[in-house]
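Asker: Below: one structure in C-alpha cells.
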Amino acid sequence: MKMIKSIIRPNKVDDVKDALAKLNIAGMTVTEVRGHGKQKGHTAIYRGKEYNVSLLPKMEIEVVVPDALADDAIKAIVTAARTGEIGDGRVFVMPVQESYRIRTGEREA
Amino acid sequence: MLDAATGGEYHGMSVTQPDPVGARLTGSLAAARAELTADVRRGAGGRGALERYSDRVDAMLRQLFADGKPPEHVVVLALGGYGRRHLCLHSDIDLLVLFGGSIGAVEERFLRSFLHPLWDIGVVVGHQVREIDDFRKLEADNPEFLLALLDARPVAGARALFDRFSALFHKPDTHAHILTSLLQLIDERHARFNATLYQLEPDVKESPGALRDLAATRTIALLTDPLLLRRGPADPARFDDAEDFLLRVRSTLHLETDRNLNVLSHELQEKTSEFLAYPGAEPRQRVERLMSDYFRHARTVSRSLEWARKTAPAPVGPNLGLSRDGIRFLDPIQAARDPSSWIGAFQAAIDSGTEVAEEAMSCIQQHVDRYRADDFFPDDASRAALLALLKPRAGLYARLSQMHDCGLLGRVFPEFQAISWRVVRDFYHKYTVDEHTLLTIRGLERLSTTADPYRQRLRNVLNELAEPELLVLSLLLHDVGKWRDDDHATESVRMARDVLDRLRLTDEARETVLFLIKHHLRMSLVAFRRDTEDPDIVKDFAAFIGTEQRLKMLCLLTLADVEAVSPETLTPWKEELLWRLYVDTYNHLTQRYGDERIGRNQAGVNDLLAQCPSDLEPQEITRFLEGLPQRYLQLFNHEAIYRHVRLARGIQPDEVHLSLDRQDSSVWTLAVVTLDKPFLFSNICGVLSSFGMDILRGHALTNPNGLVLDVFQFTDDERFLALNDDAQDRLLHVLENVVAGRDDVTVRLRGRERGALAVKTGARFPPVVRADKEASSQYTILDIVATNGLGLLYRISRVISQHGCDVDLVLIATEGEKAIDVFHITKGGSKLTDGEQQGLTSDLLRTLEDTQ
C-alpha cells in the first residue's frame, strides 16, 4: 500500500477528487494547509504598502491505495491539479506498512 | 397669557366695601383655621389635618367660584402643596385659573369676582391665569411652575377642561424636561444648605431631607417609574411617617410664628417639642428627642431621594428612560399607541450599552400585531432612524435578537418573518436561517471592534465603509428567499425590493443592496473554488464588481456569511483566500482599469444609446465614450453620463464647461469638462482649494483625444456655494481664467498657504508614496496615502506636473482623515523610467512630509 499526499491549489480539489473517483478511490482526507515551496511566497501590495505573503493557502489530499493503483493515482492527481504555472504543488508517496479498520479491528493487506 | 405679575391690576380695582360674600368667606376661613389650629395644638397638625383643611378651602373656593358667575369654559386648579392637599395654616394658596378660550371682558370680570374677595380677606394667593392653548407650547423657562403643575387638581369648574389640560401637559418630552429641571433645582437648593441634612436649625420645607425633598422623590417616581419607591431603601410606610412628622412640625411653626415660616430654630424647637408632647423633665431632653426624630425622618427622605435619583430611569429620548434593567418606556400607554417610537428604544439601548427592559419588551410584544410595517417608519426621520440603527457596532446583534424575540423585527420586515425558525438541512449550516442571518451581523459587529491583530486589515475595510448600514441591511435580507427551497438569492432579491420600496432608499443605495443580495455567494465561489492566481479570473471578477465600495461590501458580507454558518466554517485559511482576492481585485480596480478602454461594440453602451434623450445624438455619445476607461460606465449612471456628454459638446481649447449639483446637505458634486494641457489637474484642484473646498472623492478621466472629464465630490466648509447666488458663475469664471493661463492659481492660493491650506488637526499618518510600473501596461501608477487636508491634491498633482508628467487618470478617495489617491501618469506618452520614478516619488514624499 502507498500513501499519496498531494499539496495542491485550493481550487483544484474537486478536479482531483473526480479524477481519483474515476479510479474507484473514494476514501481520502482533505486538509486546509498553508505553506510555500520553491517560490517562497510573493509580495502583495495594498494601498502603496507591500505585504509579504510567505505562506500560501493550499489543500492537502491524502489517499492510501494498493501498490498496483499508485502510479495511476499519482498520474491522475498530477494531471488534474496542473495549470503549468508556479504554485501547482507537490505529490509525495510513502509506503504504508499496515492498516486497520477501527470499526472491526480487521487488518487490511 | 396672564400671570401673577399682571394680577396687580385686578387688585387695584378691588371692592373695598364689606359685602355678604366677603363676610361669608371670612367666616368659612376662620372656621377652617380654628379647626386646624386645634389639631395643631394637639400635636396632630399632620397629613390628615392638612387634608381636611385643604378640603375646607376647596369648598370655600367652590362657593366663591359659583358666586362669581363663571363663564362656561373655565376651571380652577390647585397647584403645588395645595394640589397635594397639604395646605398649612399660612401656606400660599397656589391656583391656576384656566380658560378654554381667549380671555375677554367676561373672563376678566369673573377673575375679579373670584380673586378680589380672597385678597380682601387677607389670603395670600399665588395665582396664574392661562388659556388652554398656552399649554401647546412648553414654558421651558419656568421650571417651578411646571413642577407645581404636576400636582394640579381641579377644585372648581369644567372638569373636561382639566382633562384637556392633562392631555396637553403630560407628554414624555415635558416630563423629561421637568425631570431634568427638578434635578437641577434639587442640587441648587442642597447647595444652599451645604448639602447636609444635619442642620442644627433646619428648614423643614427646604433643607435636605425635608418636605421639598420628599415631594421631589415622589415626583421623580411619578415621572419615571410610579413603582420606584416600592423598591426603595425605605419601607413606604416609613416614608409616609416622615411626611406626617415633617408636616406636623411645619404646622406648629406656622401656628407659633403666625406666618409662613419654616425654620425650626432653637427657640421654636422647644415650643414644637411641647406641642408634639415629647417626654422629658427638661426642655433640653424634649428638644433632643424631637431633633433626633427629625434627623431620623430626614435621613429616610434623603436616602430615598438619593436612591430614586440613582435608580430612576434617566430620560434618553422621547418617552424613553434608562433604568437599571435597561431602556423602558416612561409612559407605556403612550408607547403602545406610537409604534414609530419603538425603534428608538433599541437605538437608545445600543447607545447606552444596555438592553431594552423586559417591561418594554412585553409592551411591544403585546401590541406589535396591531401594526403594519409602515407604521414603524411613517416618515423620513423614522426611516433614517431605522437605517441608523443598523450601523454595525457593539450591541447590534443583541438588540436585533431582542427585536426578533418580541416580534418587532418580523413586523418591521415581514420578509424576515418568513425565515423565522426556518430549518434548511444541508451539510454545513448549524443554525436556523433567521439565527444564521443575525449571526452574520454579530460577526460584523465583532469585526468592527476586534483587537485581533490578524483581523485588523478587514476591520479597517469595515470601518472605511461610507454606509455600513447598507451592508447590514443586505445581510438581514440576503437569505430571506430561503423560505422557499429553490434558488434563494433570486427570491431574496424579489422580497428585498419590497423592503427597499418601503424604506425609500436612494437609487444608488438600492442598487447596492440588491447587488449584494443577488451576488452574495459569488465572492466565496471565486475565492475558494477558482484559481485566483489567474489574472483573468481577477480581471473578470473586478469587471463584475465594478467599484471599490461594492468590493469592500461584498468581501465583508462573504466573510460574515461564511463565519455564521458554524464556528468551524471560517478558517484562517479561508479568510486568507478571501483577503487575497480582495486585494487583487482592489488593485485591479484602482491600478489596471486604465488599460481597459471603451471600444466599439462595448457592452453596456447599447443601453445608453437606446435610452438616449432627444437632445443628444447617438454619435455624440459614442464619440464621447470612445477611449474612456470601461469603468466609467460602472461609475456613473445614465443620467450622469448624458450630462457629461452635454458638457463636452463643442468644447474648445481653454474653455471649461461645468455643472454643479448639491448631493446632500454637505456634499457637492462638480463635473468639469475641458481639453487637456499641462498642470490642468493641479490647476483645477488649486481653484477648488482657493474657494475652501475640501475634495473627498472623485475621478479624473482622459480620453486619447485629450478630452478631460473630472468629477469631484467635495464639502464647501466655508459655505461659498450656499451663501452666494452667483457662486457657480464665479467658480466657472475663475476656472476658465486659470485654465487659460490668464490667472495664476498659486497667487490665488498664496493668502491661504498658512491658513486654509494647513492640514486639519487630528490624527496624522506617515505618508505613503509608491510608484509601480508593472501594474498597468500603459501607465506608471502612483499610490498615495496621506493625511487628508485642504489642498492636498493640488500639492501632489503640482509636483507631478513639475516633473513633466501628464496626469491621465486619478482616483480620489477619503476615508475619515485618510486620503487615498491613485494617479495614472505618463511622461511623453510613456511610462516613467526608473530614474524619473525615483525622482518623482522622493519629491512627493518630501512635499507630503513638509506639509503634513
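Asker: Any lysines with Cα under 24 Å of the B:K205 Cα? List them, leaving off those in the same chain fewer than 8 positions away.
Answerer: B:K271, B:K310
Asker: What is the spin-label model distance, in nm, from B:E358 to A:A44 if the labels are put 7 Å beyond Cα along the C-beta direction?
Answerer: So the label points at B:E358 and A:A44 sit 4.9 nm apart.
Asker: Round to the nearest 0.05 the FRET efficiency obtained for A:R90 and A:N24 when R0 = 30 Å and r is the Cβ-Cβ distance.
Answerer: Efficiency at R0 = 30 Å is approximately 0.80.
Asker: Also: Please sort B:578-587, B:651-660, B:353-362 by packing, taking for each peptide the average over its residues of neighbouring beta carbons within 10 angstrom, highest first.
Answerer: B:578-587, B:353-362, B:651-660
Asker: Please state the relative contact order of the stretch B:787-833 as a whole percent: Cα pairs under 8 Å, 6+ residues apart?
Answerer: Reported as a whole number, the value is 34 percent.
Asker: In deg cm²/dmol, rounded to 500, what helix-only [θ] at 222 nm does chain B give when every DSSP H run of at least 4 residues adds -39500 (n - 2.57) and the total is split over its residues?
Answerer: -16000 deg cm²/dmol
Asker: Moving on. By how many degrees, between 0 and 90 and to the nearest 10, does the Cα long axis of helix B:680-690 differ from the longest principal axis of chain B?
Answerer: Long axis of B:680-690 versus the principal axis of chain B: about 20 degrees.
Asker: Shifting gears a bit: Extension gain B:A59-B:E274, at 0.36 nm per residue separation less the Cα-Cα distance, in nm?
Answerer: 74.2 nm
Asker: Taking the Cα centre as origin and putting +1 on Lys and Arg beta-carbons and -1 on Asp and Glu beta-carbons, what dipole magnitude results for the protein assembly as shown, to the nearest 20 debye?
Answerer: 1720
Asker: Rounded, prolate or oblate: pick one for the protein assembly as shown, where a ≥ b ≥ c are the square roots of the eigenvalues of its C-alpha gyration tensor, a/c under 1.5 means rounded, and failing that, prolate if a/b is larger than b/c, else oblate.
Answerer: Prolate, because a/c is 1.5 or more and a/b exceeds b/c.
Asker: Angle, helix B:236-257 long axis vs. longest principal axis of chain B, Cα atoms, 0 to 90°, nearest 10?
Answerer: 50
Asker: Based on the Cβ-Cβ distance of B:Q652 and B:R393, what FRET efficiency does E = 1/(1 + (r/R0)^6) give at R0 = 51 Å, to the nearest 0.05?
Answerer: Using R0 = 51 Å, I get an efficiency of 0.45.
Asker: Could you tell me which of B:F346, B:M291, B:T833 has its Cα farthest along the dipole of chain B towards the positive end, charges placed at Cβ (Lys, Arg +1; Asp, Glu -1), taken about the Cα centre?
Answerer: Selected residue: B:M291.
Asker: What FRET efficiency comes out for B:R324 versus B:R41 if R0 is 45 angstrom and r is the Cβ-Cβ distance? Round to the nearest 0.05.
Answerer: After rounding to 0.05, the efficiency reads 0.45.
Asker: Determine the shape class of chain B: with a ≥ b ≥ c the square roots of the Cα gyration tensor eigenvalues, call it rounded for a/c under 1.5, and otherwise prolate if a/b is greater than b/c, oblate otherwise.
Answerer: The shape class here is prolate.
Asker: Straight-line reach from A:K22: which lysines have a Cα under 30 Å away, not including same-chain ones fewer than 8 places off?
Answerer: Filter leaves A:K2, A:K5, A:K12, A:K58, A:K75, B:K574.
Asker: On a full-extension model of 0.36 nm per residue, what is the gain between B:D744 and B:D729, subtracting their alpha-carbon distance, rounded to one decimal in nm?
Answerer: 3.6 nm
Asker: Moving on. On C-alpha positions alone, give me the angle between the axis of helix B:433-449 and the longest principal axis of chain B, in degrees, nearest 10.
Answerer: For helix B:433-449, the angle is close to 90 degrees.
Asker: Related question: Put a dot 7 Å past each Cα toward the Cβ at B:A237 and B:A381; how far apart are the dots in nm?
Answerer: The two pseudo-label positions are separated by 4.9 nm.
Asker: Other chains' Cβ within 10 Å of B:583-596 residues: what's the mean?
Answerer: Mean inter-chain Cβ contacts per residue within 10 Å come to 1.
Asker: Hey, which lysines would be in cross-link range of A:K49, C-alpha to C-alpha under 22 Å, not counting anything within fewer than 8 residues on its own chain?
Answerer: Within the straight-line limit of under 22 Å, A:K49 reaches these lysines: A:K40, B:K539, B:K552, B:K773, B:K818, B:K831.
Asker: Along the positive direction of the dipole of the stretch B:159-224 (beta-carbon charges: Lys, Arg +1; Asp, Glu -1; about the Cα centre), which of B:L200, B:F162, B:I178 reaches farthest?
Answerer: My answer, from the dipole projection, is B:F162.
Asker: Counting only other chains, what is the mean number of Cβ atoms within 10 angstrom of the Cβ of each residue in peptide B:41-54?
Answerer: Counting Cβ atoms of other protein chains within 10 Å of each residue's Cβ and averaging gives 0.
Asker: Something else: Mind giving me the nanometre distance, one decimal, between the label points for B:E306 and B:H266, set 7 Å out from Cα along Cα→Cβ?
Answerer: It works out to 2.9 nm between the two label points.
Asker: Can you tell me how the stretch B:662-801 classifies by the Cα gyration tensor, rounded, prolate or oblate, using a/c under 1.5 as the rounded cut?
Answerer: oblate
Asker: Does a label point 7 Å from the Cα of A:R103, set along Cα-to-beta-carbon, have any residues of the stretch A:3-42 with amide nitrogen under 18 Å, and which are they?
Answerer: A:25-29
Asker: Select from B:L228, B:M361, B:S690 the residue farthest towards the positive end of the dipole of chain B; place +1 on Cβ of Lys and Arg, -1 on Cβ of Asp and Glu, and compute about the Cα centre.
Answerer: B:L228
Asker: Test of understanding: what is the full-extension gain from B:C612 to B:Q838, defined as 0.36 nm times their sequence separation minus their Cα-Cα distance?
Answerer: Value of the extension gain: 76.7 nm.
Asker: Please compute the contact order of chain B in relative form: average sequence separation of alpha-carbon pairs under 8 Å and at least six residues apart, divided by the residue count, as a percent.
Answerer: Computed value for chain B: 6 percent relative contact order.
Asker: Here's another thing I want to ask about it. Let me confirm one metric for peptide A:46-53, namely the mean number of other chain beta-carbon atoms within 10 Å of its residues' beta-carbons.
Answerer: 6
Coordinate-derived values only; no laboratory data. All values reported here derive from a predicted model rather than from experimental measurement. Cβ sites come from the backbone with ideal geometry, for glycine too, and all protein chains shown count toward neighbours.
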